[in-house]
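A quick write-up on the structure given underneath.
The values are calculated or read from the model by the stated rules, or taken from the named source; none is laboratory data. Please read all numbers here as calculations on a predicted model, not as lab measurements. Here the Cβ is made from the backbone with ideal geometry for all residues, glycine too, and neighbour counts use every protein chain on show.
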Ligand code: HEC
């Protein structure tokens, strides 16, 4: 380093010192736009929502196969323990774990049990769509505690003639291939 360049270097250092002390005096929030806003929302990304959808589809496959299997192998008369009753009980129990909330619903307007109907805004809207022929409806919702969950509903058609054994009014729906029920899911998006 030559003697002539030393003052220039000194000036540069001074300038850097001046600018950095000036920046340090400015609150961080003013330097970074948006930094003074509340902490970022933990809104799930698309991949997480897709994982939740896949979980619903896998559960749906298991539950529907169970209903058909029980009806096929164990239900022969109106007095037998219905797959619908078994599933309602199963759904109540698995919902207690908190990992999933599942309900079996009627979409015909004539439920066997008055409790098996759409209860909140999501379910009421989704039931209309299931009645119209939809097979899968979902919505991402933010819970009061800030966590996000997937609300989903899948269709239940009259899968076999035996269903009419107890639900007389399914006969017409069966001919037309219409949905008579739905399964309503709520699972956490992680
Ligand atoms: C042995 C009689 C019986 C048969 C057969 C039967 N169900 Fe049910 N189903 C019931 C009863 C009883 C309930 C009410 C269960 C409860 O809430 O505890 C029910 C409830 C339901 C519900 C919920 C809405 C409502 O009406 O309360 C759906 C949807 C349903 N069944 C669909 C089916 C399908 C699809 C089949 C054929 C695979 C079928 N059921 C076969 C007796 C039967």
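When residue 176 is tested against (1) closer than 22 Å to residue 55 by Cα; (2) more than 11 Å from the ligand (Cβ to nearest atom); (3) modelled with pLDDT under 95, exactly one condition is not met: (1).
Looking only at region 155-170, which residues are touching a residue at least 12 places away in the same chain (Cβ under 8 Å) and part of a loop (DSSP other than H, G, I, E, B)? Show your work before the answer.
From region 155-170, those touching a residue at least 12 places away in the same chain (Cβ under 8 Å) are 155-163, 165-167, 169-170; that's our starting set.
Those that are touching a residue at least 12 places away in the same chain (Cβ under 8 Å) and part of a loop (DSSP other than H, G, I, E, B): 158, 159, 160, 166, 167, 169.
In region 73-108, what residues are outside any helix (DSSP H, G or I) and within 22 Å of residue 127 (Cβ to Cβ)?
Taking region 73-108 and keeping what is outside any helix (DSSP H, G or I), we get 75-82, 97-108.
Once the filter is applied, which keeps residues that are outside any helix (DSSP H, G or I) and within 22 Å of residue 127 (Cβ to Cβ), region 73-108 yields 82, 100, 101, 102, 103, 104, 105, 106, 107, 108.
Within the option set 152, 118, 126, being in contact with a helix residue (DSSP H, G or I) (Cβ under 6 Å, 6 or more places away or on another chain) and not in a strand (DSSP E or B) holds for one residue only, 118.
Any chance region 146-154 includes a residue that's under 20 Å from the mean Cα position of the chain (by Cα), within 14 Å of the ligand (Cβ to nearest atom) and touching a residue at least 12 places away in the same chain (Cβ under 8 Å)? Yes, region 146-154 contains at least one residue that is under 20 Å from the mean Cα position of the chain (by Cα), within 14 Å of the ligand (Cβ to nearest atom) and touching a residue at least 12 places away in the same chain (Cβ under 8 Å).
So, residue 70, is that one more than 6 Å from the ligand (Cβ to nearest atom) and either surrounded by 11 or more Cβ atoms within 10 Å (Cβ to Cβ) or part of a loop (DSSP other than H, G, I, E, B) (or both) or not?
Working: more than 6 Å from the ligand (Cβ to nearest atom): yes; either surrounded by 11 or more Cβ atoms within 10 Å (Cβ to Cβ) or part of a loop (DSSP other than H, G, I, E, B) (or both): yes.
Against the criterion (more than 6 Å from the ligand (Cβ to nearest atom) and either surrounded by 11 or more Cβ atoms within 10 Å (Cβ to Cβ) or part of a loop (DSSP other than H, G, I, E, B) (or both)), residue 70 qualifies.
Of the residues making up region 130-143, those that are more than 13 Å from residue 184 (Cα to Cα) and outside any loop (DSSP other than H, G, I, E, B) are 131, 140, 141, 142.
As for region 82-103, it holds at least one residue that is within 8 Å of the ligand (Cβ to nearest atom) and free of Cβ contacts under 8 Å to residues at least 12 places away in the same chain.
Using the structure shown, decide if residue 113 is modelled with pLDDT under 95 and outside any helix (DSSP H, G or I).
On the way: modelled with pLDDT under 95: no; outside any helix (DSSP H, G or I): yes.
No: the conditions fail for residue 113.
To keep it simple, each residue is scored yes or no on (1) surrounded by 11 or more Cβ atoms within 10 Å (Cβ to Cβ); (2) farther than 26 Å from residue 55 by Cβ.
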{"site": "82", "(1), (2)": "yes, yes"}
{"site": "104", "(1), (2)": "yes, no"}
{"site": "118", "(1), (2)": "yes, no"}
{"site": "139", "(1), (2)": "yes, no"}
{"site": "144", "(1), (2)": "no, no"}
{"site": "167", "(1), (2)": "yes, yes"}
{"site": "170", "(1), (2)": "yes, yes"}
{"site": "183", "(1), (2)": "yes, no"}
{"site": "188", "(1), (2)": "yes, no"}
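When 130, 164 are checked against the criterion of being closer than 25 Å to residue 72 by Cβ and within 10 Å of the ligand (Cβ to nearest atom), 164 stands alone in meeting it.
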